[in-house]
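Worksheet for the structure shown next.
The values are calculated or read from the model by the stated rules, or taken from the named source; none is laboratory data. Remember, predicted model here, so these are calculated numbers, not experimental data. All Cβ positions, even for glycine, are placed from backbone atoms using ideal geometry, and neighbour counts span all protein chains on display. For accessibility, only protein heavy atoms count, side chains too; no ligands or nucleic acids. Shrake-Rupley method; radii C 1.70, N 1.55, O 1.52, S 1.80 Å.
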Amino acid sequence: MRMIKPIRLLALIFTGFAWPAMANSNCTDPGYSQFDFWLGEWQVINETPGNRNNGNAPSSSKISKILGDCSILEEYQTPTGFAGKSLNIFNKQNDSWHQTWVDNSGLLLQLDGQFSEGVMTMTGTIKDKDGKDVEQKISWRALDNGDVRQIWEQRDAEGNWQVLFNGRYVKAAD
């Protein structure tokens with residue numbers, strides 16, 4: 001039978017006790033709470049001009065903290081079957097936020113941004129059908145009445161921002 005060297009034994013003991021403590025304290029920086037205004041269960045009303053939910057019932061969205069309060073998971077569903085999820089995390093190395101969105105249309109959207117003056121704004125690019133980069137920008141703002149406003153914009157060929165989605169998140173009834 002082989003004997004464990006004392007230094008290895010100490011390392012194993014330290015790791016066994018320290019790892020859970022480190023894992024539970026990694027996401028205490030105030031930056032991790034900047035997006036907490038978005039947490040909850042919501043009805044999402046599409047207020048994009050010319051759309052107004054297309055006569056459909058509001059969509060639903062559940063926004064929750066996961067992984068020891070280190071990440072935010074969005075679970076979005078429309079009454080017509082469109083569904084998507086996003087994973088959001090604060091990067092304390094550079095004081096920025098990252099979102100990865102995926103949905104059942106096959107879209108992958110990766111965004112990075114900042115929380116400033118009460119607004120979370122993230123930007124990224126996707127490829128259009130011709131393979132050209134198209135800039136995307138999404139912003140979220142807590143409203144005075146407790147709702148959240150989300151605006152998704154896309155830059156057109158002339159460099160102007162066009163609104164793709166203007167959503168109002170209203171707390172779902174219990």
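Step by step: first the residues of segment 87-115, then only those that are out of contact with any Ser or Thr (no Cβ under 9 Å at 6 or more places or on another chain) and open to solvent by 70 Å² or more (accessible area, probe 1.4 Å), then the one that is farthest from residue 66 (Cα to Cα). Which residue is that?
Selected residue: 105.
For residues in segment 120-133 being surrounded by fewer than 17 Cβ atoms within 10 Å (Cβ to Cβ) and within 19 Å of residue 151 (Cβ to Cβ), which is nearest to the chain's Cα centre (by Cα)?
The selected residue is 123.
Cβ-Cβ under 6 Å, sequence separation 6+ or interchain: first residue in segment 76-101 and on the phi < 0 side of the Ramachandran plot, partner part of a loop (DSSP other than H, G, I, E, B) and small (Gly, Ala, Ser). Which pairs?
Correct list of pairs: 79/57.
Considering 149, 141, which residue is in a strand (DSSP E or B), free of Cβ contacts under 8 Å to residues at least 60 places away in the same chain and open to solvent by 70 Å² or more (accessible area, probe 1.4 Å)?
Of the residues listed, the single one that is in a strand (DSSP E or B), free of Cβ contacts under 8 Å to residues at least 60 places away in the same chain and open to solvent by 70 Å² or more (accessible area, probe 1.4 Å) is 141.
When you go through (1) touching a strand residue (DSSP E or B) at 6+ places or on another chain (Cβ under 6 Å); (2) farther than 24 Å from residue 60 by Cα one by one for residue 172, which number turns out not to apply?
Answer for residue 172: the failing condition is (2).
Just to verify a result, which residue in segment 74-119, among those that are more than 20 Å from residue 149 (Cβ to Cβ) and among the β-branched types (Val, Ile, Thr), is modelled with the lowest pLDDT?
Filtering first and then ranking leaves 80.
In segment 95-106, which residues are acidic (Asp, Glu) and assigned to a strand (DSSP E or B)?
103
For segment 152-174, how many residues are more than 22 Å from residue 39 (Cα to Cα), open to solvent by 40 Å² or more (accessible area, probe 1.4 Å) and not in a strand (DSSP E or B)?
The number of residues fulfilling the criteria is 4.
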